[in-house]
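Undergrad: Take a look at this one; I'll ask things after.
The values are calculated or read from the model by the stated rules, or taken from the named source; none is laboratory data. Keep in mind that what you see is a predicted model, and the values were worked out from it rather than measured. When we count neighbours, we look across all protein chains shown, and the Cβ atoms used for this are built from the backbone with ideal geometry, even at glycine.
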Amino acid sequence: MGKLIIGDCLVIGIWLLEFDNDMAPIVELIEVNKSYQKGGQIIPVLVNINLEIPEGEFFALMGPSGSGKSTLLNLIAALDHADSGTIRVGGVDITTLSESELAEWRAGSVGFIFQFYNLIPVLTAFENVELPLLLTGLSRRERRDHAEMALRIVNLEERMDHYPAQLSGGEQQRVAIARAIVTDPVILVADEPTGDLDKVAAREILELMDRLNRESHKTIIMVTHDPRAAEKARVIRRLEKGFLNDVHSQDPH
Amino acid sequence: MFILKILIRNGFRHKLRTLLTILGITVAILAFGLLRTFINAWYSGVEASSASRLVTRNSISLIFTLPFSYKEKIRQIDGVRIVSWGNWFGGIYIDEKNFFANFAVDANSYLELYPEYILSREETRAFLRDRKAFVAGRKLAKRFGWKTGDTVTLRGTIFPGNWEFVMRGIYRGRDETIDETQFFFHWDYLNESLKKTAPSRADQVGWYMIGITRPDRATEVALAIDQTFKNSFAETLTETEKAFQLSFISMSETIIKAIELVSFVVIIIIIAVVANTMSMTYRERIGEYAIFKTLGYRGWHIAGMILGESMFITMIGCLSGMILTFPVAKIAAGILSNYFPIFKVEKEILYMDIAASLVVSILAAIVPTLRARNIRIADGLRRIG
């Protein structure tokens, strides 16, 4: 998968869009529970979560602070472990994988977009995007081609030699998106991707994510507080005190 | 290459902190190198000693002399190739602060027994021909600006009076471990003068230096010599030249041990300094390590980054310390030349510097490395923002 270049993915994405969207879910959660221990007390965060997200979906997860949104996202992206239940992503039951296998799986299957961009400050935009590719076994030239292509997609090719501190918040988030898509992952997970941006930059980021979903058929799972951000999603689910509410489908704006 | 780039950039992220840490390591390595050189200097006489030479002295103490008549008896012992002898003269040149070792020796046998003191043929001939002649080491001659033909007067402390000598040669050491700060003159000159001024002290020898036929016979020959003079009025103690030198060092063993201990304490202190730097680095970068893990990097990648950074910083400090050791040791050698004629930074000290730095870098990085390796991604990401 890592060997596909992003241009190819766009073509495949468009081809896939011609098919009916009713296919096997790319993300499937069955009876997932998660709790934390605090001061000797067990606090349930997620209770019996059942969720299916089809491939190519733009899925938004909303809810008040402390409702367990980020925890659910972390479980889907294998950044945290569930207490019980099954989580399948791209057909792989990630609850059965070892730490080492999970690391390998994350490297090839998940792209991450965080609220605070989480770029490595000592690396340039290009080097940040190249970072996940170092684990793929690609040659230096191939890595360069992929990273440049990803930066071109987010329209930051001109600023590839800039360090994060030399970029605006919106630009940093675009670099983070380029880093997220450079390995052509199965899913993109975004935790409050516009939470630290002004309106204009937030709109640009959401449009970029929307474009990736529509044109490249990328499955995006986004946690957000922001109703304007959620408007871009086709499916919105709300999480309240660890319980997942009913499906709300919409036409994205 | 990429990892090296990250290590270098991370290493200088907090320039002041990194530079201060490097400075600390530099000073520690410099101190460690100098202290080890100091210890080596103490043992330099031992290093230069030959396995085929024995030293015979009075068994009570080196202060007590031996009769000159022992010479012939020693010469007849099986395994003895050559016998030389000498006395510590203890003369002072102008002022007491101008201390240097000066000996009365039997020139012919001494030069044969100690080929490591190199004189030209002309100088040797001139030295042997003139009863009042002396030869000095290159460093000693340079120190006082003596030239061949100069007259030098020493004030005797053990043998009172002003003693005049004429310089007939400047010897060089065969290699760098040979002391070039000594002063030798004819034992006959001393002995004949004593016959006139203090006859009871004449025909007495401070120690015999004995060349043996084979080094493996050293113990046997030493035993035979001591056996020969058993129950005489001046019993002997014969030992290898190395053991003889070590017996001098053993007098100051406590000081040497203390210096040795201090050299290791310096390393322990620097471990604490680097460990502190690495712990601060770890705490600041927990979030970043979590990001690396998010991207698929494993625990050992993170461990490698921390350990690599620790090694990078420590090795820069080590290199600077090693480079600085040479000029500082040279200055120290000049200052301490009266007491330590050989004060040289040996290759083995540089190896010890590198080994100590590696140990420092590893020990300092152990705790942060283990913590970072085991950090849970979700916990690490919570630290950001």
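Undergrad: Only residues that are part of a helix (DSSP H, G or I) and within 16 Å of the chain's Cα centre (by Cα): list them for segment B:244-253, please.
TA: Matches in segment B:244-253: B:Q245, B:L246, B:S247, B:F248, B:I249, B:S250, B:E253.
Undergrad: Scan segment B:290-303 and tell me whether some residue there is part of a helix (DSSP H, G or I), more than 10 Å from chain A (Cβ to nearest Cβ) and not hydrophobic (A, V, I, L, M, F, W, C).
TA: No, because not a single residue in segment B:290-303 is part of a helix (DSSP H, G or I), more than 10 Å from chain A (Cβ to nearest Cβ) and not hydrophobic (A, V, I, L, M, F, W, C).
Undergrad: Only one of (1) within 30 Å of B:I210 (Cβ to Cβ); (2) within 14 Å of another protein chain (Cβ to nearest Cβ) is not met by B:T228, so which one is it?
TA: (2)
Undergrad: Mind listing just one residue for me: the one in segment A:195-224 that is among the hydroxyl-bearing types (S, T, Y) and at pLDDT 90 or above and, of those, surrounded by the most Cβ atoms within 10 Å (Cβ to Cβ)?
TA: Result: A:T224.
Undergrad: Based on this model, can you work out whether B:A275 counts as under 35 Å from the mean Cα position of the chain (by Cα), touching a residue at least 12 places away in the same chain (Cβ under 8 Å) and either surrounded by fewer than 19 Cβ atoms within 10 Å (Cβ to Cβ) or over 30 Å from A:N74 (Cα atoms) (or both)?
TA: Spelling it out, B:A275 is indeed under 35 Å from the mean Cα position of the chain (by Cα), touching a residue at least 12 places away in the same chain (Cβ under 8 Å) and either surrounded by fewer than 19 Cβ atoms within 10 Å (Cβ to Cβ) or over 30 Å from A:N74 (Cα atoms) (or both).
Undergrad: Just for strands (runs of 3 or more DSSP E) wholly inside segment A:1-73: which have at least 2 residues that are modelled with pLDDT of 90 or more and surrounded by fewer than 17 Cβ atoms within 10 Å (Cβ to Cβ)?
TA: Once the strands (runs of 3 or more DSSP E) in segment A:1-73 are filtered for at least 2 residues that are modelled with pLDDT of 90 or more and surrounded by fewer than 17 Cβ atoms within 10 Å (Cβ to Cβ), what remains is A:25-38, A:41-54.
Undergrad: Scan segment B:360-385 residue by residue and report those that are within 19 Å of B:F292 (Cβ to Cβ) and either hydroxyl-bearing (S, T, Y) or touching a His at 6+ places or on another chain (Cβ under 7 Å) (or both).
TA: B:T369
Undergrad: Condition test on A:R174, is it more than 16 Å from the chain's Cα centre (by Cα) and either among the charged types (D, E, K, R) or within 12 Å of another protein chain (Cβ to nearest Cβ) (or both)?
TA: no
Undergrad: Hey, another quick one. Could you look through segment A:103-115, keep only residues that are surrounded by 23 or more Cβ atoms within 10 Å (Cβ to Cβ) and among the aliphatic types (A, V, I, L, M), and pick out the one that is nearest to the other protein chains (Cβ to nearest Cβ)?
TA: Here the answer is A:V110.
Undergrad: Do any strands (runs of 3 or more DSSP E) entirely within segment B:124-240 hold 3 or more residues that are under 27 Å from B:S44 (Cα atoms) and among the hydroxyl-bearing types (S, T, Y), and if so, which?
TA: B:236-240
Undergrad: (1) of a type outside the set (S, T, N, Q); (2) out of contact with any helix residue (DSSP H, G or I) (no Cβ under 7 Å at 6 or more places or on another chain); (3) more than 14 Å from chain A (Cβ to nearest Cβ): which one isn't true of B:E284, the others all being true?
TA: Condition not satisfied by B:E284: (3).
Undergrad: Residues in segment B:191-203: is at least one within 23 Å of B:R129 (Cα to Cα) and buried (at least 21 other Cβ atoms within 10 Å of the Cβ)?
TA: No.
Undergrad: Can B:I362 be described as buried (at least 18 other Cβ atoms within 10 Å of the Cβ) and either over 14 Å from the mean Cα position of the chain (by Cα) or farther than 15 Å from B:A31 by Cα (or both)?
TA: Judged against the criteria, B:I362 is not a match.
Undergrad: Checking the structure you have, find out if any residue of segment B:9-18 is away from chain A (no Cβ under 14 Å) and not charged (D, E, K, R).
TA: Yes - at least one qualifying residue is present in segment B:9-18.
Yes/no per residue for (1) more than 23 Å from B:L237 (Cα to Cα); (2) exposed (fewer than 14 other Cβ atoms within 10 Å of the Cβ):
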residue	(1), (2)
B:N58	no, no
B:D95	yes, yes
B:Y117	yes, no
B:R121	yes, yes
B:L140	yes, no
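Undergrad: Still on this structure, please answer the following. Pick out the one residue from B:I270, B:I256 that is among the hydrophobic types (A, V, I, L, M, F, W, C) and under 20 Å from the mean Cα position of the chain (by Cα).
TA: Being among the hydrophobic types (A, V, I, L, M, F, W, C) and under 20 Å from the mean Cα position of the chain (by Cα) holds for just one of B:I270, B:I256, which is B:I256.
Undergrad: Which count do you get for residues in segment B:60-70 that are touching a residue at least 24 places away in the same chain (Cβ under 8 Å) and surrounded by fewer than 20 Cβ atoms within 10 Å (Cβ to Cβ)?
TA: 7
Undergrad: Residue under question is A:A190, and the condition is that it be of a type in the set (A, V, I, L, M, F, W, C), touching a residue at least 12 places away in the same chain (Cβ under 8 Å), part of a helix (DSSP H, G or I) and more than 10 Å from chain B (Cβ to nearest Cβ); does it hold?
TA: Answer is no for this residue.
Undergrad: Pairs, please: C-beta under 7 Å, at least 6 apart or cross-chain, first residue within 12 Å of chain A (Cβ to nearest Cβ) and closer than 24 Å to A:G68 by Cα and in segment B:367-385, second among the aromatic types (F, W, Y) and surrounded by fewer than 17 Cβ atoms within 10 Å (Cβ to Cβ)?
TA: Hits for this filter: zero, empty list.
Undergrad: Any idea how many residues of segment A:82-101 are at the interface with chain B (Cβ under 9 Å from one of its Cβ atoms) and either closer than 30 Å to A:H225 by Cα or of a type outside the set (D, E, K, R) (or both)?
TA: Looking only at that region, the number is 1.
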